Every structure is written in structure tokens, then in C-alpha cells.
Amino acid sequence: LVESQTMLDDDKWESVGEDAEYLPGREDIGRRLRVECLAMRTVNGEETLRARGAVSTEPVLQSPRAAPSRQWLGESTEGQDALRVCSYNVLAEIYATAHAYPYCPRWALDGGYRCSLVVQELVDADADVVCLQEAQRDAFETYLEPAMKRAGYEALFTQKSREAMGAAGKVDGCATFWKAQKYRVAEQRELRFNDLAYAEARANRLSERDEHAYLTRLVKDNVAQLLVLEDYPAPGRRSRRLAVANTHLYSHRDFPDAKLWQSLSLIRQLDAFCNRQRETLPCIMAGDLNSGPDSSVYEFLATQGVSRGHPDLQPRHTAQGFPVNVLPDARQIAHRLPLVSSYASVLGVEPDFTNLTQQFRGTLDYIWYDSSAIRCAAVAPVPPLEQLTRAGPALPSPQYPSDHVALIADFVFLP
């Protein structure tokens with residue numbers, strides 16, 4: 001027996017169904033439902049009641065409107081040798097708490113609910129390569145990977161270096177998806193910044209005090225993924241190989257030196273990954289860099305170096321008050337990859353924000369590309385603030401499952 005009750009009338013219940021299944025409709029919005037089950041026993045043709053149980057629900061909520069389709073700026077890539085890339089910090093369940101996001105209804109913070117919206121966004125984006133950050137292991141295994149596999153994708157997941165985070169699976173990391181009919185993985189490498197920090201500390205032969213300070217600044221559990229994707233060529237054409245990097249840098253604003261060190265370490269690995277003895281691979285680097293356009297990380301990636309006077313290069317101090325510097329001399333903070341930010345190349349500037357909460361609004365996410373081999377033809381601009389806040393004052397909300405906005409860019413390969 002299924003009964004409904006208005007929120008203003010606690011005494012009256014109205015019967016709305018007696019079948020084993022009941023699907024709430026629009027007429028149930030705002031009403032509580034109570035399901036009553038009776039266990040009967042038949043003896044000599046007569047039914048007798050053995051047990052009775054009932055459970056009531058919270059008021060039925062109206063389904064949120066799906067996020068509007070993203071518009072595109074730039075040129076069409078139809079009929080060209082094109083590549084679409086999506087990068088998205090999907091907000092791990094362990095961080096999606098009512099304390100962190102008090103303005104978001106609790107039911108809209110549910111991991112399963114948000115994963116369904118994430119998958120819908122990704123399917124709508126129809127990207128060839130998808131780079132996710134803050135993909136929680138249990139959510140990846142239960143929701144994201146199965147749903148994306150049904151949509152035609154294969155995936156690689158790399159968990160952060162945390163040894164213990166409570167219940168099994170409650171650790172986030174990076175996940176990269178690719179269209180299985182278009183690409184296969186020719187090579188893959190997991191980059192753990194903790195391991196690189198320990199190796200550098202040993203190589204630098206630091207004192208015990210300095211090594212402890214050095215590792216305190218750098219051991220932050222962040223990871224990156226490096227993949228070589230190889231396409232299935234049309235008859236008469238050789239296969240194309242593409243290097244893809246996906247990362248999530250350290251988040252704390254008081255550690256710009258650690259973020260720059262992670263960027264330098266990643267670019268060195270990516271350079272070696274792309275430039276080989278007999279082959280040079282074009283590359284895409286996507287992720288949540290937790291660094292704005294005025295940061296040393298952005299300057300390093302965009303200009304292949306960092307100005308000596310940048311404030312992020314200043315030594316930091318330990319809790320005991322002595323200086324610690326985890327970065328090499330500014331002349332050594334350099335690289336040779338011709339990286340360009342996709343959104344800035346098409347729009348002329350970076351988006352006003354890619355992360356939107358009540359406490360922070362800023363640009364942290366990027367899709368960088370190798371301008372010597374690839375050209376960014378179009379991007380899906382970040383929706384305007386008034387659109388993102390229709391279902392709540394900030395992100396996440398019942399309509400948008402993360403506090404970040406997905407970035408989507410179309411690329412064409414240069415001849």
C-alpha cells in the first residue's frame with residue numbers, strides 16, 4: 001500500500017497505489033510518501049496477518065532542469081581531422097560535505113545523484129578524450145567507468161598517494177577516458193609527485209633538518225597520468241600518436257612553490273615522454289592546476305620560464321622560522337614545449353572563472369596544447385554567472401554537480 005500526505009496535513013494519508021511498484025509523478029511533488037507492507041499467511045484458505053511495516057519518505061522533490069547545452073565559439077571542425085578534449089574536476093564525495101557547501105541541498109550532494117549528472121554532461125560533450133580530476137575510486141568503479149563504458153569509452157584511473165583515508169575506495173585521483181572505437185592506449189605511465197620528491201631529496205644530499213623541511217613542502221599526494229593514444233587510421237593513412245597528460249596539482253594557496261615544483265616535474269616528464277630518439281609526439285595537457293593566470297605556474301607553462309622577480313620564487317619558512325627553498329634557480333625553471341592555453345587562444349583571455357563557490361571565484365582549470373602540431377579551433381565558453389546560479393547561489397547545485405565547470409575544446413592537427 002502506497003499513501004501520500006501533504007506537508008501541511010500531518011493527520012491525513014491518501015491511498016495512491018497498491019501495486020508492488022510505484023513511480024512518483026508530478027502530482028506527488030511536495031508530498032510525503034508512505035509505503036506500508038503487510039506479510040500475510042494463508043491457512044486453510046484463509047489469510048491472516050503475520051506482520052506489518054511502514055516507512056515514510058521526505059517530500060518528493062521536483063527534478064532539476066538539466067544544464068542547458070553549451071554554446072561554442074570558434075570555427076567548426078566538421079570534416080576535418082579533429083580532436084575534442086574535455087577536462088573536468090568532478091568534486092569527490094569525500095569533499096562534497098554540507099559543511100563545505102551549506103548552500104547546496106543535502107540530497108544534491110549525494111554521490112550517486114551527482115555522478116549521474118556528471119555522466120550526462122560527459123556524454124553530451126561527446127569528447128574523444130576526457131580528463132577527470134577528483135574522481136573518487138568507489139565512484140569511478142561503481143558509476144563513472146561502467147556508464148562511460150556503455151557510452152563507448154575505455155579508462156585509466158590513478159589514485160592519489162594517500163595510504164589511509166578511512167573506508168575502502170574513499171580516495172580520489174585522476175581518470176582519463178578515451179573513445180574505444182577511435183583510440184587505443186599504446187603506452188601509459190603514472191606519475192606520483194611524492195616519489196619524485198623523495199628521489200630529489202636523496203639526490204640533493206640534504207641534511208636531516210633540510211630534508212624534513214623539503215619533504216614537508218612537497219609531499220602532498222598529488223598524481224598525474226601520461227598516456228600515448230594511437231588512433232585507428234583510415235585505409236592508406238598511418239596511425240597518429242598523441243601524448244595526453246592529466247593532473248591535479250596541490251590546492252593550498254600558501255604553497256605556490258609546491259605547485260610550481262609539481263608543474264616543473266610534470267613538464268620534464270612530459271617532455272621526455274613526447275620527444276624520443278626516433279619520434280616526436282604532439283601533446284595535450286589538461287587538469288586542475290589550482291593556479292590562476294597570474295601565478296608562476298601559468299607563466300611557466302605559457303612562456304617556458306618564470307621571471308626572477310616573481311613572488312612565488314621567494315623562499316618559504318618552516319614553523320621553526322628557518323627558510324626552505326624547494327625550487328631550483330629561476331634559470332633552471334624552463335622548458336621547451338610550445339604550450340598554449342586553449343581558451344586563451346580562442347577567446348583572447350582565460351575565463352573569468354572555472355571554480356565557483358560562495359568563498360572563491362577564479363580560474364584554476366586549463367587545457368594546454370602543443371602549438372607546433374595542433375591548433376585549437378573552438379571552445380565551449382564557461383556559462384555566464386546568471387545561468388550557473390539559477391538553481392543555487394553557487395556551485396555545486398541541484399543542476400551542476402561540481403564546484404568546477406567542465407572545459408571542452410576542439411582541436412585540429414596541423415599538416
Counting only residues in region 44-70 that are outside any strand (DSSP E or B) and open to solvent by less than 90 Å² (accessible area, probe 1.4 Å), the one farthest from Tyr366 (Cα to Cα) is identified as Gly45
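Quick check, is Ala108 open to solvent by less than 40 Å² (accessible area, probe 1.4 Å) and at pLDDT 95 or above? Walk me through how you get there before you give the answer.
Details: open to solvent by less than 40 Å² (accessible area, probe 1.4 Å): yes; at pLDDT 95 or above: no.
No; evaluated as a whole, the condition is false for this residue.
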Pairs please, first residue from region 87-109 and of a type in the set (A, V, I, L, M, F, W, C), second anywhere and assigned to a helix (DSSP H, G or I) and open to solvent by 50 Å² or more (accessible area, probe 1.4 Å), Cβ atoms under 6 Å, 6+ apart in sequence or on different chains. Ala98/Arg106
For region 365-387, check the following and say yes or no: at least one residue is of a type in the set (Lys, Arg), over 30 Å from Asn204 (Cβ atoms), under 18 Å from the mean Cα position of the chain (by Cα) and at pLDDT 95 or above. no
Count of region 9-38 residues which are out of contact with any Ser or Thr (no Cβ under 9 Å at 6 or more places or on another chain) and either touching a residue at least 60 places away in the same chain (Cβ under 8 Å) or part of a loop (DSSP other than H, G, I, E, B) (or both): 10
All but one of (1) free of Cβ contacts under 8 Å to residues at least 24 places away in the same chain; (2) in contact with an Asp or Glu (Cβ under 9 Å, 6 or more places away or on another chain) hold for Pro235; state the number of the condition that does not hold. (2)
Going through (1) crowded, with 17+ Cβ neighbours inside 10 Å; (2) touching a Leu at 6+ places or on another chain (Cβ under 7 Å); (3) of a type in the set (A, V, I, L, M) one by one, Leu73 fails only at (1)
Can you pull out the residues in region 188-240 that are touching a Gly at 6+ places or on another chain (Cβ under 8 Å) and within 30 Å of Asp81 (Cβ to Cβ)? Ala224
Of the residues in region 115-134, how many are open to solvent by 10 Å² or more (accessible area, probe 1.4 Å) and either of a type in the set (D, E, K, R) or assigned to a strand (DSSP E or B) (or both)? 5
Region 294-315, residues that are buried (at least 17 other Cβ atoms within 10 Å of the Cβ), of a type outside the set (Gly, Ala, Ser) and not in a helix (DSSP H, G or I): Val306, His310
Quick check on region 260-270. Is at least one of its residues within 23 Å of Ser371 (Cβ to Cβ), open to solvent by less than 50 Å² (accessible area, probe 1.4 Å) and in a strand (DSSP E or B)? no
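Out of Arg331, Arg316, which single residue is closer than 25 Å to Phe273 by Cα, modelled with pLDDT under 95 and among the charged types (D, E, K, R)?
Numbers: Arg316 fails: closer than 25 Å to Phe273 by Cα.
Sole residue among the options that is closer than 25 Å to Phe273 by Cα, modelled with pLDDT under 95 and among the charged types (D, E, K, R): Arg331.
Take Arg31 and tell me if it is open to solvent by less than 70 Å² (accessible area, probe 1.4 Å), modelled with pLDDT under 85, among the charged types (D, E, K, R) and within 38 Å of the chain's Cα centre (by Cα).
So Arg31 passes the test.
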Got at least one residue in region 369-381 being under 29 Å from Asp81 (Cα atoms), open to solvent by 10 Å² or more (accessible area, probe 1.4 Å) and of a type in the set (Phe, Trp, Tyr)? yes
Output for Cβ contacts, cut-off 7 Å, separation at least six or different chains, first residue under 22 Å from Leu264 (Cα atoms) and of a type in the set (A, V, I, L, M, F, W, C) in region 177-206, second open to solvent by less than 50 Å² (accessible area, probe 1.4 Å) and in a strand (DSSP E or B), reads Leu191/Val223; Leu191/Ala224; Leu191/Leu226; Phe193/Val223
Long-range neighbours under 8 Å by Cβ, at least six apart or interchain, first residue touching a residue at least 24 places away in the same chain (Cβ under 8 Å) and among the acidic types (Asp, Glu) within region 347-360, second open to solvent by 20 Å² or more (accessible area, probe 1.4 Å) and assigned to a loop (DSSP other than H, G, I, E, B): Glu350/Pro293; Asp352/Val382
Identity of the residue in region 272-293, open to solvent by less than 20 Å² (accessible area, probe 1.4 Å) and in a helix (DSSP H, G or I), that ends up farthest from Leu218 (Cα to Cα): Cys274
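The values are calculated or read from the model by the stated rules, or taken from the named source; none is laboratory data. Note that the structure is a prediction, hence the values are computed from the model and not measured. Positions of Cβ are backbone-derived with ideal geometry, glycine not excepted, and every protein chain shown enters the neighbour counts. Surface areas here come from the heavy atoms of the whole protein model, side chains and all, with no ligands, DNA or RNA. Shrake-Rupley method; radii C 1.70, N 1.55, O 1.52, S 1.80 Å.
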